[in-house]
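Participant: I have a structure here, written as structure tokens, and I will follow up with some questions on it.
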């Protein structure tokens, strides 16, 4: 039996199909993955993301630790509650994990890291924290619910009432504490909404409050098709410890300035920046009928690569994918599906933004 979130019983009561995900028993869907996908694109859906790991870093030197551990620069965060997305790298420039960091005050930063990497992330952070005198607290007491979709914020505000506090005024990629709630205007679907942290024992009451406002429960299946349509990377597929941000479509997350900031993996990244990365991550739309899947071979003018994430995109009615291929001019592209090559068009992700197609 895997780990269970505080919402496990609620999922079972709602008829969720439970599967193992990174050692956690999680809902893959509640009946129809496609309906859940459309629910988020068209209205509002909610996800249990309590399997994610929340880590608080406290010390006047927490900023120095994070500037050393992360490729992005937390010194850019000067407004309380503002957040950045970053990769945490090893000495080879490979991605240990991708994560979000919130700046709450000069002595308190909050990180949210992936469920599948939590143990190695905690080990890596605690290995380096003593040199900076930083206290590391893993928040096992918290649950997290993501409410996403064009109507998500309005419905969440109705469900929370006065508890919403100043959250309606939050800019994107920012968070606020409101009583016992930590409310962030972030997400992993390409839609607007909130990710809300709450004490574990209060999670089911919050889940039910959202449900009463018409926010439908959604599983990990819909979460994956939504994030791929939005062109968002998935750790372990689109990047890992053997790939750098520069070969994973994440160059934009690297803060090169100031040029005297030393962060783990910078030497390798600077070399790839100077000499060119050996590979690139591209977006694909299948021109023929079929479904694009992870590890299918991709053929381009620059050489052979493979799909890292692929799916049938419900919002588009077409198959889309992210693929890693050799650096250089891609030219025409083909994907091998069941032994046959099919034409695919190279596009720049995202495939869908704010519920609308980004491809012709």
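Participant: Output the number of the condition that residue 129 fails; it satisfies all remaining conditions of (1) farther than 30 Å from residue 241 by Cα; (2) touching a helix residue (DSSP H, G or I) at 6+ places or on another chain (Cβ under 7 Å); (3) surrounded by 18 or more Cβ atoms within 10 Å (Cβ to Cβ).
Facilitator: Condition not satisfied by residue 129: (1).
Participant: Got a sec? Which of 257, 205 is at pLDDT 95 or above, over 17 Å from the mean Cα position of the chain (by Cα) and not in a helix (DSSP H, G or I)?
Facilitator: One residue alone meets the criteria, 257.
Participant: Which ones in segment 50-82 are part of a strand (DSSP E or B) and within 23 Å of residue 236 (Cα to Cα)? Give the derivation first.
Facilitator: If we filter segment 50-82 for residues that are part of a strand (DSSP E or B), which is where we start, we get 53-58, 70, 82.
53, 54, 55, 70, listed by residue number.
Participant: Restricting to segment 340-360, what's the tally of residues that are assigned to a loop (DSSP other than H, G, I, E, B) and either within 21 Å of residue 244 (Cβ to Cβ) or modelled with pLDDT under 95 (or both)?
Facilitator: The qualifying residues number 7.
Participant: Okay, moving on. Given 183, 264, which one is under 23 Å from the mean Cα position of the chain (by Cα), farther than 27 Å from residue 31 by Cα and in contact (Cβ under 8 Å) with a residue 60 or more places away in the chain?
Facilitator: One residue alone meets the criteria, 264.
Participant: A follow-up question, please. Scanning for something in a loop (DSSP other than H, G, I, E, B), surrounded by 17 or more Cβ atoms within 10 Å (Cβ to Cβ) and touching a helix residue (DSSP H, G or I) at 6+ places or on another chain (Cβ under 6 Å), does segment 27-41 turn up at least one residue?
Facilitator: As a first pass, look at segment 27-41 and keep what is in a loop (DSSP other than H, G, I, E, B): 30-32.
Now drop any that are not surrounded by 17 or more Cβ atoms within 10 Å (Cβ to Cβ), which leaves 30.
Add one more test, that the residue is touching a helix residue (DSSP H, G or I) at 6+ places or on another chain (Cβ under 6 Å), and what stays is none.
No: zero hits.
Participant: Here is a follow-up. Condition check: more than 23 Å from the chain's Cα centre (by Cα), outside any loop (DSSP other than H, G, I, E, B) and within 26 Å of residue 227 (Cα to Cα). Does residue 159 satisfy that?
Facilitator: It is true that residue 159 is more than 23 Å from the chain's Cα centre (by Cα), outside any loop (DSSP other than H, G, I, E, B) and within 26 Å of residue 227 (Cα to Cα).
Participant: Restricting attention to segment 179-195, does a residue exist that is part of a helix (DSSP H, G or I) and either out of contact with any helix residue (DSSP H, G or I) (no Cβ under 7 Å at 6 or more places or on another chain) or buried (at least 18 other Cβ atoms within 10 Å of the Cβ) (or both)?
Facilitator: No, segment 179-195 contains no residue that is part of a helix (DSSP H, G or I) and either out of contact with any helix residue (DSSP H, G or I) (no Cβ under 7 Å at 6 or more places or on another chain) or buried (at least 18 other Cβ atoms within 10 Å of the Cβ) (or both).
Participant: Same structure, new question: For segment 296-319, which residues satisfy the criterion of being within 21 Å of residue 340 (Cβ to Cβ) and part of a loop (DSSP other than H, G, I, E, B)?
Facilitator: Correct list: 296, 301.
Participant: One residue is enough: does segment 87-102 have a residue meeting the conditions within 19 Å of the chain's Cα centre (by Cα), buried (at least 18 other Cβ atoms within 10 Å of the Cβ), touching a residue at least 40 places away in the same chain (Cβ under 8 Å) and in a helix (DSSP H, G or I)?
Facilitator: no
Participant: To continue, here is another question. Given (1) in contact with a strand residue (DSSP E or B) (Cβ under 8 Å, 6 or more places away or on another chain); (2) under 21 Å from residue 200 (Cα atoms), where does residue 126 come up short, assuming only one miss?
Facilitator: Here residue 126 meets the rest and fails (2).
The values are calculated or read from the model by the stated rules, or taken from the named source; none is laboratory data. In this text, all values refer to a predicted model and were calculated from it rather than measured experimentally. A quick note on method: Cβ atoms are made from the backbone with ideal geometry, for glycine too, and the neighbour counts reach across all protein chains shown.
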